[in-house]
Amino acid sequence: MNTITTESHIERCWNFIGIEGDRSCPQLRTYAHCRNCPVYSAAGRQLLERTTPEQYRHEWTQLLAQSKIEKNPQMPSYAVRTKETLTVVIFRLQQEWLALPAQVFKETTPLSVIHTLPHRHNQVLRGLINIRGELLLCVSLSHLLNIDSDTPLQVLSPVVHSRMVVIEKAGNAWVFPVDELYGLHRLDPAKLRDAARNMSQASQTYTKGLFSWQPANFQTSHQEVRSQTVSYLDDELLFTTLARKAQ
């Protein structure tokens with residue numbers, strides 16, 4: 001597999017005779033895919049090691065200078081102000097609306113059969129579930145958070161689908177069922193409030209803060225949905241506890 005390079009251009013052979021082309025390259029018999037080929041790797045290294053364009057450095061210098069506006073009130077008012085936001089996924093367990101950082105969510109799947117584990121009498125650890133051929137541990141966050149199942153539910157969407165959610169952090173993956181899944185939501189961390197005293201002890205322990213949320217696209221057939229209170233969960237504590245409960 002040959003490649004032609006110049007100072008400003010890389011002839012991408014993988015697009016012509018490789019996996020993205022007609023697959024006539026004889027090296028595919030050895031490497032199976034272009035990404036395993038040393039020519040492909042060398043091209044990647046060349047891109048990473050190329051000289052930084054002066055315009056690129058100039059633009060980043062301006063962006064980094066603008067990020068200091070909040071610390072320096074003397075900077076021009078027309079400069080762009082940066083603002084930190086949290087991106088979370090909102091879901092419902094029983095009557096409680098909860099949120100976790102979006103980066104820990106791996107995927108959602110339809111409800112599946114849970115295979116119980118022998119000699120395990122644990123309300124939190126429910127068993128094993130098959131996700132795309134991989135066996136993962138399934139847990140009940142409702143039991144972990146001690147969420148009351150007797151309170152009447154307020155369903156925000158006329159079509160509600162229960163499903164399984166897969167979360168993962170540092171290589172540790174867990175599956176748990178949710179009663180309703182809203183999706184992504186962005187919020188200002190400064191708007192997080194302290195956990196309410198009337199929450200259960202378990203929920204209060206795992207809650208970093210509360211925030212108000214107005215579902216933009218969810219409404220009943222008769223009236224607009226009022227603002228909801230969502231508990232933002234501590235993902236670090238959650239994963240640590242689940243690992244302990246699974247032992």
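Looking at segment 24-37, which of its residues are surrounded by 11 or more Cβ atoms within 10 Å (Cβ to Cβ) and either over 32 Å from the mean Cα position of the chain (by Cα) or assigned to a helix (DSSP H, G or I) (or both)?
Answer for segment 24-37, where residues must be surrounded by 11 or more Cβ atoms within 10 Å (Cβ to Cβ) and either over 32 Å from the mean Cα position of the chain (by Cα) or assigned to a helix (DSSP H, G or I) (or both): C25, Q27, L28, Y31, C34, R35, N36.
Taking into account only those residues within segment 38-69 that are assigned to a loop (DSSP other than H, G, I, E, B) and surrounded by fewer than 12 Cβ atoms within 10 Å (Cβ to Cβ), which is modelled with the lowest pLDDT?
It comes out as K68.
Please specify each residue of segment 120-142 satisfying the condition of being within 20 Å of the chain's Cα centre (by Cα) and either small (G, A, S) or farther than 22 Å from L100 by Cα (or both).
R132, E134, S140, listed by residue number.
The values are calculated or read from the model by the stated rules, or taken from the named source; none is laboratory data. Just so it is clear, the model here is predicted, and its values are computed rather than measured. A quick note on method: Cβ atoms are made from the backbone with ideal geometry, for glycine too, and the neighbour counts reach across all protein chains shown.
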